[in-house]
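Comments concern the structure below.
The values are calculated or read from the model by the stated rules, or taken from the named source; none is laboratory data. Only a predicted model underlies this, so the values are computations on that prediction, with no experimental measurement involved. Glycine also receives a Cβ, built like all others from the backbone with ideal geometry; neighbour counts cover every protein chain displayed.
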2 protein chains.
Amino acid sequence: MNREENSGNELDIENDEVMDWKHNETETYSHTQPLLFKRVKTTSQIAIVGSNICPIESLDYEILENEFFKQDWRSRKKVQIFQYVILKWAFALLIGLLTGLFGIFNNIAVENLSGFKLLMTTNLMTQHKYFKAFAVFAGCNVVFAAAAATLCAFISPAAAGSGIPKVKAYLNGVDAYSILAPGTLFVKIFGSVLGVSAGFVVGKEGPMVHTGACIVDRRDLITCGAAAGVAAAFRAPVGGVLFALEEAASWWRSTLLWRTFFTTAVVAIVLRAFIQICSTGRCGLFGEGGLIMYDVSAAAVMYSGADILAVILLGTIRGIFGSLYNYLVDKVLRVYSILNRKGAAFKVLLVIIISLLTSCCAYGLSWFATCIPCPTHESISCPNTDESGNNKSFQCPPGYYNDLASLFLNTNDDAIRNLMSTSTVKEFHIHTLIIFFAAVFCLGIITYGIAFPTGLFIPVILAGACYGRLVGRLFETISKLDAGLFALLGAASFLGGTMRMTVSLCDILLELTNDLLLLPLVMLVLLISKSVADIFNKGVYDQIVKLNGFPYLEAHAEPYMRQLVALDVVSGPLITFSGIEKVGNILHALRTTGHNGFPVIDDPPLSDAPELCGIVLRSHLLVLLKGKAFSKDRIFAGEEIFHRFAVFDFAKAGSGKGIKVEDLDIEEEEMDMYIDLHPITNTSPYMVVETMSLAKVALLFRQLGLRHMCVIPKSQGRPPVVGILTRHDFMPVHILGLYPHMKPHK
Amino acid sequence: MNREENSGNELDIENDEVMDWKHNETETYSHTQPLLFKRVKTTSQIAIVGSNICPIESLDYEILENEFFKQDWRSRKKVQIFQYVILKWAFALLIGLLTGLFGIFNNIAVENLSGFKLLMTTNLMTQHKYFKAFAVFAGCNVVFAAAAATLCAFISPAAAGSGIPKVKAYLNGVDAYSILAPGTLFVKIFGSVLGVSAGFVVGKEGPMVHTGACIVDRRDLITCGAAAGVAAAFRAPVGGVLFALEEAASWWRSTLLWRTFFTTAVVAIVLRAFIQICSTGRCGLFGEGGLIMYDVSAAAVMYSGADILAVILLGTIRGIFGSLYNYLVDKVLRVYSILNRKGAAFKVLLVIIISLLTSCCAYGLSWFATCIPCPTHESISCPNTDESGNNKSFQCPPGYYNDLASLFLNTNDDAIRNLMSTSTVKEFHIHTLIIFFAAVFCLGIITYGIAFPTGLFIPVILAGACYGRLVGRLFETISKLDAGLFALLGAASFLGGTMRMTVSLCDILLELTNDLLLLPLVMLVLLISKSVADIFNKGVYDQIVKLNGFPYLEAHAEPYMRQLVALDVVSGPLITFSGIEKVGNILHALRTTGHNGFPVIDDPPLSDAPELCGIVLRSHLLVLLKGKAFSKDRIFAGEEIFHRFAVFDFAKAGSGKGIKVEDLDIEEEEMDMYIDLHPITNTSPYMVVETMSLAKVALLFRQLGLRHMCVIPKSQGRPPVVGILTRHDFMPVHILGLYPHMKPHK
């Protein structure tokens, strides 16, 4: 099992160089084993992460009550507070505007690129140049795919995949290297456009969420960004807020709801404005189909007991399918992670192979469909040779259409719209739906995980809608619900079975279809498919988070955590500093460990008995060392320190920036000088008593969004702090490594 | 200011008997003043509450890790855990079903009662028996009103008002006496039906939320109940979930989202089933109008810059109106609280007076409207003599209708539907709208707070819709938006300005109108009116919570809290017990204080140095005392104790139940015996260091949902606990009483 764990954790590895574990790990307060003891490497989550060249940092949302902080807010005037508030709202506005613009850009670009490709193909088809048509179709796809993969593999490998698991991990407190870098943003935007245009069975919503999150780099704003991403992808502003709340965020405050809502409102307004502009035809091939919006309102929604029975069956089977999907995605990702380690060129090659496979499926399978006579309604253009729409002509003679080509030779958005179209019960044959479902299900699984930005929503909706319509056809005799409604319910059930979201999905579907009357059925089907799928495995995003090796803190404590207390997992050599410490000691500690926080203990003569003064952070220590706030004797720094350093010096640097130990230039004679740590010590760290059960500690740790937590002794007369708990001390692999007899929750 | 505070706090007082403060207060760990020092009474929030005959208890959601708890879950088998999970879901299902049924019952009863009344009145009007018509109209109203008031005043005074503030306070951790009692539930259901039928400007949603919450008595389930209430009132399942999240709950977990959603789904399905049953005419006068659902989809939604300008103006003005509304409601409530103290008969009298006033307004003002010729569309029945619908005949000759009577002589739901009707721009005259707006605005303010279940949503929506339509008429020349849409936006803006909710209101309106295209405008108007109103005062529910004197913990710490540390507010005589304590000491402490938790300290010889063992709860102490788990000597209780008591003995009793000190029957010779407190001591209470800033402590306290928090000393050699913080130590009145120079946030 550990073997698998390891291979999974190397998903993001770009370099096979074996790094020294001690050098890379960033939080190692509490190993029972000495540092050289090799077993650590297989039992600790951090050890696994440490084998990765990109160290994963933990985030910290504690209020740091040190002297600088206090000085700062005491001196802060009303104007500055006001400025700060304005700034936060301005950022929320900016995120909304930019995400809205990216959303529009994405849609216009995709519609134009794939519209161009499809028009060319269709034109050649009408001239019966079938092989040339395939060459153009597959050629365009491969070119787009290769471009996307090249961008991703060479500029920002972190941009691969959905992005939602990464945002989720970030909001849980895991800061993986470069997941929010500008390069990632760039690749996300263009890679996603190219990937979707290449006709892959992928969506643009996951990348859109990541795009929204990339724009800024602070927890609350990232939550806003994630919400804005969903709002932009689905034109579902309330759905975006709910998505951020239900799936993305690990912490939540009511203020956040308010600001997230503001951001998604801005997105909605931007989208709306552009749609009005584009409706005059100024956006190239971007037409009605640009932003997905499925209209099922034409169908009368009256349902009986038999319909509900059919829907329950649909949900149950789908729950099983959904968990199967997750299982297969997991397996495929593990294989890909091995392939991707072979280098960037291999990544691009893999993308090209999958692209060719997709093209062959889309073009080749369409030949198996029999031509269907066009319906006689005047309003429908059939057969259709536009770049979108249904009733595609393909190889059929005039007056006939190919129903499989209507699904395959279209953008994914259009295919979904066709499947959800109402009052067109007979439009698709049952065997067409079976072929398309099988193809999309398989292609969706093998496409996620290759090296370009890929969304999971659209493949899932596509497969789900096809499945739903199929069930609708099969139940024709029993249920009177429209096939388009069945497609919608199928999509809902598959989303529920895969993503395991409920309220947000429900709302997104509500906003996508603009029909409230369906809500009870959608809710029912979501509840059933989620419940069924939950029996088998976790949601797909949780799986990917785990696969990436992110030390994600679960909302629930594992049962075995109740049998352990805080002291049981906290151990190892605890490095503490004295209130006024020698420069040499600090430097040594910073160089030999990757610790990020150190307890500060005042010993006599600074106090009567040893007492815990608080915690200092590595980054703050580096600022003091860089600024050489040293003194010859063991004395307090005094007021003067507040003039030498500004609060801004201690502000959190963006990920990857900030001072490093190697940047320091300390002379030999300075090593014996002293440094007063009191001004930078957070004097009120959160503390728990050593006998508190680990389950209770874990919930507290997650709820407060901490990076360090002090464990204090129960009895007096011992050192004032017995250890420090960090994120990785709560990881099952760490705990089960220490206590192998404990049974994990399956 | 304190004077006002006091009068406000007596809103719920049923009895003028002056109670001894010491007897009633329930949490008094930390008064700087000695108990006899009178100033406490005016400065401490609890003191104010203590002057009330119904003591307000705090709720506690800490995981109590005592020996019994550990024994329990160790012995718990998988089957039992499974049973527990099933039970929780079963309760969620039950809440959904019952709330749905109550919702249906409420609607059917209201439609039938008021339909009967309106039909009688209209029939008499058509016979030109105007005075008799008024007598019937006003008579019915008074009878319904008096019945509602009698129920409320004599059976359950706690059922008066909206209920949402009470549910909100409960979910914050304030357990006011009998807010969730069965009597309250009964009065809520019938009082609300009678009150709405009596033609008051009140709604049924607040009571519905309270009804949902009353069905069970645990935090998570109450959250589900509150969501179910909104879902049932508005047929807005997603809106219900969001309401619970945004407005009601102080704590939130993702599991809760999932369960709340399940509950509202059940409500939606129940409602749906009944609507199908009722559509065949089997529910008396209950017709289309039963469950509110406003259809504005007929209007084309294309808006330009001018429209947006009009909407912004509408939102801004409405924000001011909204805060004015809150201000007036506050003032009126303070006056009513004085009147209501005069006894139950006075309460009923007040209700009757307001009822007569409402009847006079509704009937009398309608005479001021001029008759309007009926529109010539064939589809509309005009003039209309049904119990609902628009174009009421009133005094007008055939072929004419009275537009003011269409609004006044209707249920509130129907009036809103008329105001929001689209494509009927000219239906209402401008002066009609002005009269109706003024009447509804004033009646809404004076009606809330009288003694029967009153909702605030409907009055606000009614006034808002009228205002919106008025603005729409005034802007006719500039904006092309339909008057019905303006009515909707007006309702949204007034809701935003009064309730200050955003996402949930947006979603509720979305679900009410079933039109997504309006969303950007609704969002805009909500944001503006909320922002504007926030400048002036707080949301109406927060005001009422404060007025009720509930010690509500705010989500944000006040700025002055940063200047204080935990130790500054924690003080007073701290009563601690030894690990094995004399029965007499415990009994004395329980009798002379109202404390609910006591620190347990192990002294030598039990330990080497004094150490904090944990906290015992009053209720658990009472169980041990009642069971006489005494021993002659100072020895540990041993295993035997776990056979004498079952875990169930220590389970939380419903509010008002449980053992009381007076129930104990301790003999004189038992007073010198010992009792081992270790088995019931929660050994891992949450602790903060005395120097932690009060702001940080307050946030922690609220986030974790605590009742007690131990403050430990920074330095060793002192007693292991320096005090206990409770909810009231964070109340501004308490802190500002201790430190009058601190400036509160205005």
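Of the residues in region B:653-662, not one is among the basic types (K, R) and surrounded by 15 or more Cβ atoms within 10 Å (Cβ to Cβ).
Residue-by-condition table, conditions (1) within 26 Å of A:Y61 (Cα to Cα); (2) among the aliphatic types (A, V, I, L, M); (3) within 12 Å of chain B (Cβ to nearest Cβ); (4) in contact with a Pro (Cβ under 7 Å, 6 or more places away or on another chain):
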site: A:N548; (1), (2), (3), (4): yes, no, no, yes
site: A:A589; (1), (2), (3), (4): yes, yes, no, no
site: A:N596; (1), (2), (3), (4): yes, no, no, no
site: A:V600; (1), (2), (3), (4): yes, yes, no, no
site: A:P604; (1), (2), (3), (4): no, no, yes, no
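Of the strands (runs of 3 or more DSSP E) contained entirely in region A:655-746, those carrying at least 1 residues that are out of contact with any Pro (no Cβ under 6 Å at 6 or more places or on another chain) and within 30 Å of B:R253 (Cα to Cα) fall at A:687-689, A:709-712, A:723-725. Tallying residues that are within 14 Å of chain B (Cβ to nearest Cβ) and either more than 20 Å from A:L587 (Cβ to Cβ) or at pLDDT below 85 (or both) within region A:614-641 yields 1.
Among the conditions (1) of a type outside the set (S, T, N, Q); (2) crowded, with 24+ Cβ neighbours inside 10 Å; (3) within 17 Å of B:I222 (Cβ to Cβ), the only one that B:A145 does not satisfy is (3). The single residue among B:I458, B:I445 that is buried (at least 24 other Cβ atoms within 10 Å of the Cβ), among the aliphatic types (A, V, I, L, M), under 29 Å from B:L245 (Cβ atoms) and in contact with a helix residue (DSSP H, G or I) (Cβ under 9 Å, 6 or more places away or on another chain) turns out to be B:I458. For region B:457-472, does any single residue satisfy the condition of being more than 22 Å from B:V201 (Cα to Cα) and in contact with a Leu (Cβ under 9 Å, 6 or more places away or on another chain)? Checking region B:457-472: at least one residue is more than 22 Å from B:V201 (Cα to Cα) and in contact with a Leu (Cβ under 9 Å, 6 or more places away or on another chain).
Scanning region A:667-681 for any residue that is within 14 Å of chain B (Cβ to nearest Cβ) and either surrounded by 14 or more Cβ atoms within 10 Å (Cβ to Cβ) or touching a strand residue (DSSP E or B) at 6+ places or on another chain (Cβ under 9 Å) (or both) turns up at least one such residue.
Screening the candidates B:L271, B:L285, B:L257 for the property of being modelled with pLDDT under 80 and either facing chain A (nearest Cβ under 9 Å) or touching a helix residue (DSSP H, G or I) at 6+ places or on another chain (Cβ under 8 Å) (or both) yields one hit, B:L285.
So that you can scan it fast, the table gives a plain yes or no per residue for (1) modelled with pLDDT of 85 or more; (2) under 20 Å from B:V311 (Cα atoms); (3) not polar (S, T, N, Q):
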| site | (1), (2), (3) |
| --- | --- |
| B:I508 | no, yes, yes |
| B:E511 | no, no, yes |
| B:L518 | no, yes, yes |
| B:L521 | no, yes, yes |
| B:L524 | no, yes, yes |
| B:K530 | yes, yes, yes |
| B:Y541 | yes, no, yes |
| B:V545 | yes, no, yes |
| B:G549 | no, no, yes |
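Looking only at residues of region A:223-239 that are under 14 Å from the mean Cα position of the chain (by Cα) and within 18 Å of A:G455 (Cβ to Cβ), we find that the one that is nearest to the other protein chains (Cβ to nearest Cβ) is A:A227. Scanning region B:713-732 for residues that are surrounded by fewer than 21 Cβ atoms within 10 Å (Cβ to Cβ) and not charged (D, E, K, R) yields B:P713, B:S715, B:Q716, B:G717, B:P719, B:V722, B:P732.
When region B:708-730 is filtered for residues that are among the hydroxyl-bearing types (S, T, Y) and at the interface with another protein chain (Cβ under 9 Å from one of its Cβ atoms), only B:S715 remains. Starting from residues that are among the β-branched types (V, I, T) and away from chain A (no Cβ under 14 Å), keep the ones in region B:466-515 and report whichever is surrounded by the most Cβ atoms within 10 Å (Cβ to Cβ). The qualifying residue surrounded by the most Cβ atoms within 10 Å (Cβ to Cβ) is B:T498. Only residues that are surrounded by 24 or more Cβ atoms within 10 Å (Cβ to Cβ), at pLDDT 85 or above and over 11 Å from the mean Cα position of the chain (by Cα) were counted across region B:161-193, and they come to 6. Does B:A149 satisfy the condition of being in contact (Cβ under 8 Å) with a residue 12 or more places away in the chain, assigned by TED's automatic domain parsing to the domain that holds B:G191 and within 30 Å of B:C396 (Cα to Cα)? No: the conditions fail for B:A149. On inspection, A:V565 passes the criterion of being in contact (Cβ under 8 Å) with a residue 12 or more places away in the chain, within 14 Å of chain B (Cβ to nearest Cβ) and either farther than 30 Å from A:W251 by Cβ or within 33 Å of the chain's Cα centre (by Cα) (or both).
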